[in-house]
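The values are calculated or read from the model by the stated rules, or taken from the named source; none is laboratory data. The model shown is predicted, which means the values in this text are computed figures rather than measured ones. Note that we place each Cβ from the backbone using ideal geometry, even for glycine, and neighbour counts take in every protein chain shown. For accessibility, only protein heavy atoms count, side chains too; no ligands or nucleic acids. Shrake-Rupley method; radii C 1.70, N 1.55, O 1.52, S 1.80 Å.
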Amino acid sequence: MIKKILIVFVVAFVVIQFFRPQKNIAAGEQVNHISKLYNVPDNVKTILAKACADCHSNNTNYPWYNNIQPVAWWLNKHVIDGKRHFNIDEFASYRIAKQYKKMKECVDELKEGEMPLTSYTIIHRDAVLTDTEKQTFINWCTSIRDSIKAKYPADSLVMPKRK
């Protein structure tokens, strides 16, 4: 009986290897990248690349274990969810109220220790941000919010309520 269960498990494991999610790799120039609207200093680019871009951009640097199912499905879910919340490659296409809100959310997530995800930093030790890097990123997000606030009327910075 145990042998049959083991055989079924192995066969199922082999079969699921043929069902892979589409990879998050964009071709060409990122015309809506955040840097098209706002200055992104080199130190912030470094932070974005090492701690944010894999889940919050259109280009994920996939680790070797992404070739094993069901791990790839799990990673794909994280990438889709990350891009849904904030995508540095699509930021310029966001309405101004959404840009304003997303910068606040970035600050809040970082201050609360919610980002980068622990499940990400366990494997990607270089993605653990120092206090200095956190403050640099917070200051940058705050400066973007301040520039938006100075440029646009207050009522344009409020997200419409969903019905």
Exercise. Across segment 123-144, what is the number of residues that are of a type outside the set (V, I, T), farther than 16 Å from A53 by Cα and at pLDDT 95 or above?
Worked result: 4
Exercise. Considering segment 61-70 alone, what residues qualify as being farther than 21 Å from D126 by Cα and not in a loop (DSSP other than H, G, I, E, B)?
Worked result: N67
Exercise. Within segment 57-97, can you find the residues that are open to solvent by less than 40 Å² (accessible area, probe 1.4 Å), without any contact (Cβ under 8 Å) to a residue 40 or more places away in the chain and under 21 Å from M159 (Cα atoms)?
Worked result: G82, F86, N87, Y94
Exercise. Under 6 Å by Cβ, and 6 or more places apart or on different chains, what pairs join a residue from segment 128-141 that is farther than 17 Å from E112 by Cβ with one that is at pLDDT 95 or above and open to solvent by less than 20 Å² (accessible area, probe 1.4 Å)?
Worked result: W140/V44
Exercise. Somewhere in segment 41-60, is a residue assigned to a loop (DSSP other than H, G, I, E, B), within 23 Å of I144 (Cβ to Cβ) and either among the polar types (S, T, N, Q) or within 16 Å of the chain's Cα centre (by Cα) (or both)?
Worked result: yes
Problem set entry | Residues (farther than 14 Å from H85 by Cβ and surrounded by fewer than 12 Cβ atoms within 10 Å (Cβ to Cβ)) located in segment 113-127 | G113, T118, S119, I122, I123, R125, D126
For this session: Can you confirm whether segment 144-162 contains a residue that is surrounded by 14 or more Cβ atoms within 10 Å (Cβ to Cβ), without any contact (Cβ under 8 Å) to a residue 12 or more places away in the chain and out of contact with any strand residue (DSSP E or B) (no Cβ under 7 Å at 6 or more places or on another chain)?
Result: no
Exercise. Which is touching a Lys or Arg at 6+ places or on another chain (Cβ under 7 Å), of a type outside the set (S, T, Y) and closer than 18 Å to H33 by Cβ, of A92, A127, A72?
Worked result: A92
Exercise. Do we have any residue at all in segment 96-106 that's among the hydroxyl-bearing types (S, T, Y), within 30 Å of V10 (Cα to Cα) and over 16 Å from the mean Cα position of the chain (by Cα)?
Worked result: no
For this session: Hey, could you check segment 1-28 for residues that are assigned to a loop (DSSP other than H, G, I, E, B) and over 14 Å from V71 (Cα atoms) and say which is least open to solvent (accessible area, probe 1.4 Å)?
Result: N24
Problem set entry | Pairs where the first residue, in segment 38-50, is more than 19 Å from Y100 (Cα to Cα) and the second is surrounded by 15 or more Cβ atoms within 10 Å (Cβ to Cβ), C-beta under 6 Å, 6+ apart | N43/T136; I47/E133; I47/F137; K50/A127
